[in-house]
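The values are calculated or read from the model by the stated rules, or taken from the named source; none is laboratory data. Quantities reported herein were computed from a predicted structural model and do not represent experimental measurements. FYI the Cβ positions are ideal-geometry reconstructions off the backbone, even for glycines, and counts take in every protein chain you see. Side chains included, ligands, DNA and RNA excluded: accessible areas come from the protein's heavy atoms. Shrake-Rupley method; radii C 1.70, N 1.55, O 1.52, S 1.80 Å.
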Amino acid sequence: MLQDRIRLASLRDKVMSAAEASRFIKDGMTVGMSGFTRAGDAKAVPLALAERAKTEPLGITLMTGASLGSGVDKVLTEAHVLKRRLPFQSDPVLRAAINRGEVMFIDQHLSETVELVRSHQMGPIDVAVVEAAAITREGAIVPTTSVGNTATFAILAKQVIVEINLGQHTDFEGIHDIYIPTRRPYREPIPVVAPESRIGLPFIPIDPAKIVAIVVTDQQDSSAETTPPDDDTRAIAGHLTEFLSSEVRKGRLTNRLGPLQAGIGSIANAVLTGLIDSPFHDLTMYSEVLQDSTFDLFDSGKLVFASGSSITLSSACQARVFPNIGQYKSRLILRPQEISNHPEVIRRLGIIGINTALECDIYGNVNSTHVGGTHMMNGIGGSGDFARNAYLAVFVTKSLAKGGTISRVVPMVPHVDHNEHDVDVVVTENGLADLRGLAPRERAELIIANCMHADFRNQARDYFTRALKRGGQTPHLLNEAFEWYDRLEKTGSMKG
């Protein structure tokens, strides 16, 4: 079995336990680990690090592709191994430590991290820990369910630890397309001209002499925590489908639409699932995370090709898809996230980007990351990469939170991740606001009328009417702009 997975014979004597492999990671190092939204993440070595930290000083800077699964961020946080973390996370225990100031979190656009490492603005990477389905006869690494930043971490790291996961199907081999951009300032164009463009290698080419340890595991990825569509998400999907149908009628799109991108999460996943009952056909995806909806669309016959950086599925969808991944292989590509999220490619392909907002304001500014303007939730992820460069930048959210005490549409967001210049369409269960070509005053009227919940609409109109009297291109009452948040803190509700 191991001979099939570790095909370069000279590397087989590198097999050791996770505890032994973890000894290559020292206090103060910068470590790059595979993993992108709970997919293809290192599963054994990080837990061995946490165990070591019980008896010796051990603190690291941890870079990944995105969030990790298997409770890794939680365990590393509780063991005080994490001193600095980037570029994305989604673990509640780590989140709390970040907001207490115990872990320094650097929230980055997902396309940028390895660019900064490659140009020596961050790093260097001392050790890379990467999950693999196999190591080729030449010593190259075959990833599993994600690529993320794994390729560049492995290429640039001084030493590499490989976790060979026997639980990952060998049919994943051949799905990956590893392409590393050439160096600036003489970089060549990235030759992706369609979601199905294959431009690189099916493995990560590294010097096998850098592989210092191989750990054998047998564990599935952590499953995605998804919730089934509800009335609100079905309404959001309906509004968006009607809008896209209108774009087809106006001749701006065809029934194939443009390549689709959707951010991680239940709302975006439910919205894409809603396309199964739409008039659109022969769809393609050029996204980061391929979720349940990707394979639901494949199985319905609506989707013909999908390009992403990871496959992150619910437990039920994992059980259906992963044992049969070979059936989807000819219709899938997994790329490095700097390619899946690259502005050049996104702009070229004319992506329809659908991402989730924590909240938006009446002028179309979107907050994706900070609760109450101060407390980090997960991170900006790739939403900024897509929003600024997409053909259509769509943000979806339910209009209410916390049982109706919080409006997700407010006079002014207390933290801006996507400013009004990057937001084309806002959708809630109440309706849709097409903001293209509108001045700020026109945007405010449309968002209040179409997207805001009726319970807060009069409050917003009162604010906007009085702000208009003060004037300005973007009218605001700065002494009242965050009053809704102040009321929430004092009374437990934004309602006035």
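Side notes on the structure shown:
- Test set (1) closer than 14 Å to Ala194 by Cβ; (2) assigned to a helix (DSSP H, G or I) - Phe243 fails condition number: (1)
- For segment 366-387, the count of residues that are touching a Lys or Arg at 6+ places or on another chain (Cβ under 7 Å), modelled with pLDDT of 95 or more and closer than 26 Å to Pro259 by Cβ is zero.
- Among the residues of segment 450-496, the ones that are without any contact (Cβ under 8 Å) to a residue 60 or more places away in the chain and among the β-branched types (Val, Ile, Thr) come to 2 in all.
- When Asp218, Asp231 are screened for being open to solvent by 60 Å² or more (accessible area, probe 1.4 Å) and at pLDDT below 95, only Asp231 passes.
- In the condition set (1) open to solvent by less than 30 Å² (accessible area, probe 1.4 Å); (2) free of Cβ contacts under 8 Å to residues at least 60 places away in the same chain, Val427 is compliant with all but (2).
- Annotation: of all residues in segment 3-47 being among the β-branched types (Val, Ile, Thr) and over 29 Å from the mean Cα position of the chain (by Cα), the one that is nearest to Ala128 (Cα to Cα) is Val15.
- Residues of segment 130-162 that turn out to be touching a Phe, Trp or Tyr at 6+ places or on another chain (Cβ under 6 Å), closer than 11 Å to Pro205 by Cα and not hydrophobic (A, V, I, L, M, F, W, C), as a count: 1
- Taking strands (runs of 3 or more DSSP E) as the structural unit, those lying wholly within segment 251-346 and holding at least 3 residues that are open to solvent by less than 10 Å² (accessible area, probe 1.4 Å) and under 18 Å from Leu392 (Cβ atoms) correspond to 260-262, 283-286.
- The single residue among Ile175, Ile164 that is farther than 28 Å from Ser266 by Cβ and among the β-branched types (Val, Ile, Thr) turns out to be Ile164.
- Selected residue (only one of Leu438, Leu432 is assigned to a loop (DSSP other than H, G, I, E, B) and either closer than 25 Å to Leu260 by Cβ or open to solvent by less than 10 Å² (accessible area, probe 1.4 Å) (or both)): Leu438
- Selected residue (criterion: surrounded by the fewest Cβ atoms within 10 Å (Cβ to Cβ)) from residues of segment 369-414 that are among the β-branched types (Val, Ile, Thr) and closer than 22 Å to Ile448 by Cβ: Thr405
- Scan of segment 169-192 for residues that are farther than 13 Å from Ile339 by Cβ and either in contact (Cβ under 8 Å) with a residue 60 or more places away in the chain or in a strand (DSSP E or B) (or both), ordered by number: His169, Thr170, Asp171, Phe172, Gly174, Ile175, Arg183, Arg184
- Restricting Ala209, Ala194 to those that are more than 25 Å from Ser70 (Cβ to Cβ), of a type in the set (A, V, I, L, M, F, W, C) and over 24 Å from the mean Cα position of the chain (by Cα) reduces the list to Ala209.
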